[in-house]
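The values are calculated or read from the model by the stated rules, or taken from the named source; none is laboratory data. Note that the structure is a prediction, hence the values are computed from the model and not measured. Glycine also receives a Cβ, built like all others from the backbone with ideal geometry; neighbour counts cover every protein chain displayed. What goes into the accessible areas is simple: the full protein's heavy atoms, side chains included, and nothing from ligands, DNA or RNA. Shrake-Rupley method; radii C 1.70, N 1.55, O 1.52, S 1.80 Å.
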Amino acid sequence: VQPGKVLQYTNAGSAIAAGDVVVIGNILGVALVDIANGDTGSVMIEGVFSAPKVSGAVITVGQSLTWDVSAGAFDDNAATPASGDVTGPPAVAFESAGSGVTSLAVKFTGVPGTVT
């Protein structure tokens, strides 16, 4: 039917800007376009993107990541997930990033994770 790397997502919340990380069930992706509340837009669930990182997290290349919904950023896999956080295989560090760094290259896998 299609390659399956891009999903059409209908936003039922706050406006999403192109480049924002989007949680779709237990999959993570990146908005390719701005998506207003009630609108539908493209979200890529596979590929490498620059994404926000929790400043204090120390992350090594290849490490699975936790999407911290309250921080709106990726944390290391040792972080204790809170309600709504996504953990496991949906996102993997494509580079290492130490404390004080606020973004990193992330490989979005399209593989479902766990939502706390």
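With a bin width of 5 angstrom, please list the P(r) values of region 8-62 as percents of all Cα-Cα pairs, from the 0 bin to the one holding the largest distance. Here the calculated profile for region 8-62 is 4, 19, 27, 21, 14, 8, 6, 1. Between Ile24 and Thr10, the modelled label-to-label distance comes to 1.4 nm, taking each label 7 Å out from Cα in the direction of the beta carbon. Taking a Cβ cut-off of under 14 Å around Val54, the surrounding Lys, Arg, Asp and Glu residues balance to a net charge of -3, with basic ones at +1 and acidic ones at -1.
Can you compute the FRET efficiency between Thr114 and Glu46 using 1/(1 + (r/R0)^6), with r the Cβ-Cβ distance and R0 = 22 Å? Round to the nearest 0.05. Provide the component values of the computation, followed by the final result.
Working: r = 19 Å, r/R0 = 0.85.
Calculated transfer efficiency: 0.70.
Measuring nothing but how far apart in sequence close Cα pairs (under 8 Å, 6+ apart) lie, relative to its length, the chain scores a relative contact order of 26 percent. Just need the Rg to Rh number for region 27-98, please, alpha carbons only, Kirkwood Rh. Reported Rg/Rh (Cα atoms, Kirkwood Rh): 0.98.
For region 1-72, which whole percent of the accessible surface, found with a 1.4 angstrom probe, sits on carbon and sulfur atoms?
On the way: 1990 of 3660 Å².
Answer for region 1-72: carbon and sulfur cover 54 percent of the accessible area.
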